[in-house]
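Colleague: Got a structure here, written out as structure tokens. Questions coming.
Read-outs throughout are calculated quantities, based only on the coordinates presented, and are distinct from any laboratory measurement. Note that this is a predicted model, so its numbers are computed, not measured. FYI the Cβ positions are ideal-geometry reconstructions off the backbone, even for glycines, and counts take in every protein chain you see.
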Amino acid sequence: MTVQILCDSACDLPKETLESYSVDVLPLRVTIDQEEYEDGEGISPQEIYEKMRNGKEPKTSQVSPQAFRDRFMHYIQKEQPFIYFAFSSELSGTYQTAKMIEQELKEEHPDAQFQVIDTKAASLGYGLIIMRVAELANEDRTFEDILEIGQYHAAHMEHLFTVDDLEYLQRGGRVSRTAAFVGGLLKIKPLLHMEEGRLIPLEKIRGSKKVLKRMVELMGERGNDLENQRVAISHGDDEEAAKQLADMIRTEFGTKDIHIDMIGSVIGAHAGPGTIALFFLNDTHK
């Protein structure tokens, strides 16, 4: 490849997919029962969700400065251009850490060609961006092309999601304690989206079936050329609901390429079991 693509584990793409695209991934970390694990290694997302259902509260941590320095130096020493597309800076300090290391290394190695980009995306919304830029890298597209198209996809990536229990988002400071209490009391399913990388509550809907239907409606309002773009659905250990949503999308829009996968341990630690998230472009696929 002319350009090496780097990402972090918050993209929620399975190891096989990342390997097939030759993407280099830096793992975030999750701590539960006093044990720390690399996201995707040593403990499965299912195990994390099961522990959460039993009252455990996992903690997460970003990629370390040293991990970034080591990985970036690996490619700099090989004179290999690379781009690290990062998890949303609004949800993790990972991007800021990578940016700090980028600045240090560019001073030390002014001829090195590399860039750190904030996707302002998460889970498979982030994963869709990584899949697209990796395809371009494997076609030996230029550094500038990959940068431009990657940033375009990041700018136009829609995130729609619902959680089973607002308590998990409240613990992570994503919604207020009052909102979490009222939502749980009334069995309300919150619908959220992302604005500039931040989680923003959108609507409150009573009942799981209605919330999936509303997600499809919003997809129709916001999406563009849905029949011909790649769409993704990620889930917090609820594959049945994810497949149901995919069927609704195929019926409504004729979408052929729908990528379904489980939300990884780090994002799952904040969103909780039962989360369903939908990702698509609100503009023409590039």
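Colleague: Quick one: grab the alpha carbon gyration tensor of the range 37-111, order the square roots of its eigenvalues as a ≥ b ≥ c, and give me rounded if a/c is under 1.5, else prolate or oblate depending on whether a/b is larger than b/c. Before the final figure, lay out each step's value.
Modeller: On the way: a/c = 3.52, a/b = 2.43, b/c = 1.45.
Prolate shape, in that a/c is at least 1.5 and a/b is the bigger ratio.
Colleague: Here is a further query. In debye to the nearest 20, how big a dipole does the chain give about its Cα centre with +1 on each Lys and Arg Cβ and -1 on each Asp and Glu Cβ?
Modeller: Charge dipole, the chain, about its Cα centre: 1280 debye, nearest 20.
Colleague: Is the C-alpha gyration tensor of the range 25-66 telling us rounded, prolate or oblate? Criteria: a/c under 1.5 is rounded; beyond that, a/b larger than b/c is prolate, otherwise oblate.
Modeller: Verdict is prolate for the range 25-66.
Colleague: Based on a Kirkwood Rh over C-alpha pairs, give the Stokes-Einstein translational diffusion coefficient of the range 1-154 at 10 °C and viscosity 1.306 mPa s in µm²/s.
Modeller: In µm²/s, the coefficient is 99.
Colleague: Rounded to the nearest 0.05, what FRET efficiency do Gln77 and Asp247 have when you use their Cβ-Cβ distance and R0 = 41 Å?
Modeller: Efficiency, from the Cβ-Cβ distance: 0.25.
Colleague: What's the extension gain from Ile200 to Asp225 if we count 0.36 nm per residue and subtract their Cα-Cα distance?
Modeller: 6.5 nm
Colleague: Consider a paramagnetic label point 7 Å from the Cα of Ile260 along Cα→Cβ; state which residues of the range 8-30 have an amide N under 16 Å from it.
Modeller: 14
Colleague: Turning to a different aspect of this structure: Contour minus end-to-end for Gln113 and Lys56, with contour as 0.36 nm per residue of separation and end-to-end as the Cα-Cα distance? Provide the component values of the computation, followed by the final result.
Modeller: Details: separation 57, 0.36 × 57 = 20.52 nm, distance 4.35 nm.
Length difference between fully extended and current span is 16.2 nm.
Colleague: Helix 65-77 sits at what angle to the longest principal axis of the chain, using alpha carbons and giving 0 to 90 degrees rounded to 10?
Modeller: That works out to roughly 40 degrees.
Colleague: So which aspartates and glutamates pass the test for Lys210, namely a Cα distance under 18 Å, with those fewer than 8 places away in the same chain ruled out?
Modeller: Asp164, Asp165, Glu221, Asp238, Glu239, Glu240, Asp247, Glu252
Colleague: Could I ask something else about it? Which aspartates and glutamates, on any chain, are close to Lys78 with Cα under 17 Å apart, when same-chain ones fewer than 8 places away are left out?
Modeller: Asp24, Asp70, Glu102, Glu108, Asp111
Colleague: Sticking with this one: When Rg is the radius of gyration of the Cα atoms in the range 185-281 and Rh is its Kirkwood radius, what does Rg/Rh come to?
Modeller: Values: Rg = 13.1 Å, Rh = 13.9 Å.
Ratio value, two decimals: 0.94.
Colleague: Cα gyration tensor of the range 85-141, axes a ≥ b ≥ c as square roots of the eigenvalues: rounded (a/c below 1.5), prolate (a/b > b/c) or oblate?
Modeller: oblate
Colleague: Could you grab the relative contact order for the chain? Cα pairs under 8 Å, six or more apart, rounded to a whole percent.
Modeller: Reported relative contact order: 23 percent.
Colleague: So if each residue of separation counts as 0.36 nm, and I subtract the Cα-Cα distance between Ser44 and Ser20, what length gain in nm does that give?
Modeller: The span from Ser44 to Ser20 would gain 6.6 nm if fully extended.
Colleague: Cross-link candidates for Lys286: which lysines have Cα within less than 22 Å, leaving aside residues fewer than 8 places away along the same chain?
Modeller: Qualifying lysines at Cα under 22 Å: Lys120, Lys256.
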